[in-house]
Amino acid sequence: MGLDWWVSSLFLLSFVMLDIGAVELDQNLQTERISGSAGDVLEDDPVGRLKVFVYELPSKYNKKILQKDPRCLTHMFAAEIFMHRFLLSSPVRTLNPEEADWFYTPVYTTCDLTPNGLPLPFKSPRMMRSAIQLISSNWPYWNRTEGADHFFIVPHDFGACFHYQEEKAIERGILHLLKRATLVQTFGQRNHVCLKDGSIVIPPYAPPQKMQAHLIPPDTPRSIFVYFRGLFYDVGNDPEGGYYARGARASVWENFKDNPLFDISTDHPTTYYEDMQRAVFCLCPLGWAPWSPRLVEGVIFGCIPVIIADDIVLPFADAIPWEDIGVFVDEKDVPNLDRILTSIPPEDILRKQRLLANPSMKQAMLFPQPAQPGDAFHQILNGLARKLPHDKSTYLKPGEKILNWTAGPVADLKPW
């Protein structure tokens with residue numbers, strides 16, 4: 001197809017999208033309710049369906065770590081901090097562990113940041129082991145199930161595998177002491193050693209107030225067809241290329257850097273959030289891990305997420321109809337991205353936009369303070385409630401042991 005055709009299509013789409021701009025969570029624009037059980041699940045209220053006991057750990061596991069580096073409150077791994085705060089005042093919290101359905105151990109394993117603000121996972125396994133040793137020594141509840149009725153927030157790149165490079169994360173595997181626990185994590189990929197059965201996949205943290213402050217008038221035309229800001233290559237960690245993002249981001253740049261329909265760059269402008277609200281499609285390619293905050297940003301700003309991450313497991317997939325609101329492109333098909341997106345009928349684009357405008361969809365992707373009905377906190381609780389009642393296999397027989405406390409890399413066994 002010729003260049004004139006592409007540009008004419010974009011011009012027409014900008015008018016088609018006039019009424020489907022960015023929306024505030026409480027704005028009464030034309031939306032479409034999620035059909036079937038997914039919509040019901042999204043609007044579930046977990047209160048009254050479960051009780052959670054929060055272990056009171058020494059502050060060195062959480063509050064003191066945060067005091068040393070307040071940046072942990074704003075990075076994309078901050079769900080572990082805000083979930084702790086939420087549970088402390090949540091109506092599902094119980095102070096009586098004998099009546100608890102679930103037990104939560106507040107450990108801030110990602111709050112060890114480089115000068116660039118990236119989490120260092122190397123102390124995390126020892127920190128987590130130390131916390132588990134503490135609760136198993138001071139309370140009887142871990143020992144009766146070896147953690148099968150406990151949940152942990154592990155928002156690292158590869159969850160409880162505790163490494164930011166996939167090859168090394170796979171080599172490590174999930175920390176052995178967490179093998180029976182329910183893991184609440186941002187990482188999700190089918191048939192991957194770092195995603196165990198029964199895990200709850202959640203969105204990464206994105207600052208709600210900051211995004212709210214950048215909303216633009218909802219009648220602003222969506223004059224950008226495809227938008228992306230971020231790395232295409234990671235020369236520092238992947239000097240030879242091809243390993244970072246499995247080459248998918250490099251392929252985006254090499255194939256579309258000169259295409260007028262693609263507004264892509266490594267620059268991160270101050271108008272980043274505003275630009276997303278002017279775009280029809282926002283690319284959400286994998287990086288070192290398959291997930292990224294762009295998924296959250298796309299949903300909040302009504303920009304159709306184009307998900308390029310083979311076998312990804314998306315946040316709250318039983319409640320959010322990702323197939324209906326997004327576009328999935330196989331990594332091998334990135335060179336055909338222009339043809340794939342321009343072949344989507346306008347009526348399909350409009351329906352995706354109407355679904356994205358649904359306030360409950362947006363709410364489910366956020367960790368607001370204070371918490372609000374239907375937000376990500378409540379979706380996590382819904383996921384835990386749906387696992388109840390616990391199976392008989394949750395509880396060990398007298399004298400039964402399953403976990404090996406000395407399993408794993410030798411370095412993980414050192415005291416924290």
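Descriptive notes on the structure:
- Members of region 308-319 that are open to solvent by less than 10 Å² (accessible area, probe 1.4 Å) and over 13 Å from the mean Cα position of the chain (by Cα): Ile308, Ala309, Ala319
- Count of residues meeting criterion [open to solvent by 20 Å² or more (accessible area, probe 1.4 Å) and free of Cβ contacts under 8 Å to residues at least 40 places away in the same chain] in region 239-263: 10
- Residue within region 103-126 that is modelled with pLDDT of 95 or more, more than 30 Å from Lys352 (Cα to Cα) and surrounded by fewer than 12 Cβ atoms within 10 Å (Cβ to Cβ) present: no
- Total residues in region 175-190, condition open to solvent by 10 Å² or more (accessible area, probe 1.4 Å) and under 18 Å from the mean Cα position of the chain (by Cα): 3
- Scanning region 75-121 for residues that are within 25 Å of Glu146 (Cα to Cα) and free of Cβ contacts under 8 Å to residues at least 12 places away in the same chain returns a single hit, Glu98.
- Wholly within region 245-313, helices (runs of 4 or more DSSP H) carrying at least 2 residues that are under 11 Å from Val226 (Cα atoms) and modelled with pLDDT under 95: none
- In region 256-297, residue farthest from Phe187 (Cα to Cα) [restricted to those that are aliphatic (A, V, I, L, M) and in contact with a helix residue (DSSP H, G or I) (Cβ under 7 Å, 6 or more places away or on another chain)]: Leu261
- Residues in region 324-341 that are among the charged types (D, E, K, R) and assigned to a helix (DSSP H, G or I) were compared, and the one that is surrounded by the fewest Cβ atoms within 10 Å (Cβ to Cβ) is Arg339.
- Only one entry of Ala131, Ala169 meets the criterion of being open to solvent by less than 20 Å² (accessible area, probe 1.4 Å) and within 20 Å of Thr406 (Cβ to Cβ), and that entry is Ala131.
The values are calculated or read from the model by the stated rules, or taken from the named source; none is laboratory data. Since this is a predicted model, take the numbers as computed values, not measurements. Ideal geometry is used to build each Cβ from the backbone, glycine not excepted, and the neighbour counts take in all protein chains shown. When the accessible area is computed, the model is the full protein with side chains, heavy atoms only, and any ligands, DNA or RNA have been set aside. Shrake-Rupley method; radii C 1.70, N 1.55, O 1.52, S 1.80 Å.
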